[in-house]
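> Structure incoming, see below.
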Amino acid sequence: MDCKYKRIILKISGEALSGGAGHGISEEIITRISYVIKKISSLGVEVAIVVGGGNFWRGASAKDMDRTTSDYMGMLGTIINSLAFQDALEKIDVETRVQTAIEMRQIAEPYIRRKAVRHLEKGRVVIFSGGSGNPYFSTDTTAALRAAEINADIILLAKNGVDGVYSDDPKKNPDSIKYEELKYIDVLNKGLKIMDSTATSLCMDNKIPILVFGIENPENIEKIVTGDSIGTIIKEV
Ligand code: UDP
């Protein structure tokens, strides 16, 4: 089957991995997502994953802690998630490599761009963890950065509890409308809180499309790569 995208970055927030609980890891949801990744990988799509860590810790939410320390704690959370993901993928025979932005050689490879690309070319799933390795950034920004570095065709931005970008919070405002397509600049100007502005700007500057979709039904990922119009696409129209 012909796929629409050859190389993708799948950004999954920590919250999505918690299966709606908001904290911790749902092995069930990770397994469900893993089966879909196995499917699209078998279709020939090269899959890199950037995992969030908000199910454990968000740097900015600490009150009295030093922000840098707090952010490092958040980055460590993403590494916990990535190991759970690798375990779930390898249980169903999907060859997976975790790379960390902060060296932790006993448990994963350090991030090396050329090595990551080689893994992808060999059909392995690569999980980028530890964020970008820098405090004051997010894993959305990491997804934008890694997508630029590895020349990904698109970022699939998996959301929990919402299936695209709306003009307002659809849970609070029933009149809010869902966009099918948006320009980066509109996301920035309208202040749409779909990803942080650093991440949006990085995608804009490097012309990386972002597709925002709901992960409650992980099969959406397969539908997207095989060409269905799902969610909201953000690009330079
Ligand atoms: N983080 C960071 N630098 C990065 C990526 C992440 O400092 O490059 C920290 C930051 O504290 C962030 C936390 O890791 O709050 C978890 O990441 P994020 O909030 O992006 O996770 P998500 O919301 O996607 O689950």
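The values are calculated or read from the model by the stated rules, or taken from the named source; none is laboratory data. Please read these numbers as outputs of a predicted model, since none were measured by experiment. Positions of Cβ are backbone-derived with ideal geometry, glycine not excepted, and every protein chain shown enters the neighbour counts.
> Are there any pairs, at least 6 apart or on different chains, whose C-beta atoms fall under 6 Å, with the first in the stretch 1-18 and closer than 15 Å to residue 128 by Cβ and within 16 Å of the ligand (Cβ to nearest atom) and the second of a type in the set (Gly, Ala, Ser) and outside any loop (DSSP other than H, G, I, E, B), and if so, which?
9/48; 9/143; 9/147; 11/143; 12/158
> Here are some conditions: (1) away from the ligand (no atom under 15 Å from the Cβ); (2) in contact (Cβ under 8 Å) with a residue 24 or more places away in the chain. Residue 114 meets all but one. Which one does it not meet?
The one condition residue 114 does not meet is (2).
> Test each condition in (1) near the ligand (Cβ under 8 Å from one of its atoms); (2) in contact (Cβ under 8 Å) with a residue 12 or more places away in the chain; (3) surrounded by fewer than 23 Cβ atoms within 10 Å (Cβ to Cβ); (4) not in a loop (DSSP other than H, G, I, E, B) for residue 80 and report the one that comes out false.
Tallying (1) near the ligand (Cβ under 8 Å from one of its atoms); (2) in contact (Cβ under 8 Å) with a residue 12 or more places away in the chain; (3) surrounded by fewer than 23 Cβ atoms within 10 Å (Cβ to Cβ); (4) not in a loop (DSSP other than H, G, I, E, B), residue 80 fails exactly one: (1).
> Scan the stretch 100-120 and give yes if some residue there is within 25 Å of residue 223 (Cβ to Cβ) and modelled with pLDDT of 95 or more, otherwise no.
Yes, some residue in the stretch 100-120 is within 25 Å of residue 223 (Cβ to Cβ) and modelled with pLDDT of 95 or more.
> Still on this structure, please answer the following. Run residue 173 past the list (1) more than 23 Å from residue 58 (Cβ to Cβ); (2) touching a residue at least 24 places away in the same chain (Cβ under 8 Å); (3) polar (S, T, N, Q) and report the number of the one that doesn't hold.
(2)
> While we're looking at this one, here's another question. Any residue at all in the stretch 165-176 that is crowded, with 24+ Cβ neighbours inside 10 Å, assigned to a strand (DSSP E or B), within 11 Å of the chain's Cα centre (by Cα) and at pLDDT 95 or above?
No, the conditions are met nowhere in the stretch 165-176.
> Looking only at residues that are away from the ligand (no atom under 11 Å from the Cβ) and among the acidic types (Asp, Glu) in the stretch 63-77, which one is surrounded by the most Cβ atoms within 10 Å (Cβ to Cβ)? Give the derivation first.
First, the residues of the stretch 63-77 that are away from the ligand (no atom under 11 Å from the Cβ): 63-64, 66.
Those still in the list that are among the acidic types (Asp, Glu) too: 64, 66.
Values: 64: 5, 66: 10.
Among them, the one singled out is 66.
> Take the stretch 25-62 and flag every residue that is part of a loop (DSSP other than H, G, I, E, B), within 25 Å of residue 199 (Cβ to Cβ) and either out of contact with any helix residue (DSSP H, G or I) (no Cβ under 7 Å at 6 or more places or on another chain) or more than 16 Å from the ligand (Cβ to nearest atom) (or both).
Passing the criteria: only 45.
> Could you say which residue among 157, 145, 120 is touching a residue at least 60 places away in the same chain (Cβ under 8 Å) and part of a helix (DSSP H, G or I)? Don't jump to the end; show me each part of the working.
Values: 157 fails: part of a helix (DSSP H, G or I); 145 fails: touching a residue at least 60 places away in the same chain (Cβ under 8 Å).
Criteria check complete, one pass: 120.
> What's the total number of residues in the stretch 83-107 that are within 16 Å of the ligand (Cβ to nearest atom), over 19 Å from the mean Cα position of the chain (by Cα) and among the aliphatic types (A, V, I, L, M)?
Of the residues in that region, 1 qualify.
> Do you know which residues across the stretch 84-117 are in a strand (DSSP E or B) and under 22 Å from residue 70 (Cβ atoms)?
100
> Could you say whether any residue in the stretch 141-153 is more than 16 Å from residue 206 (Cα to Cα) and either loosely packed, with under 13 Cβ neighbours inside 10 Å or modelled with pLDDT of 95 or more (or both)?
No: zero hits.
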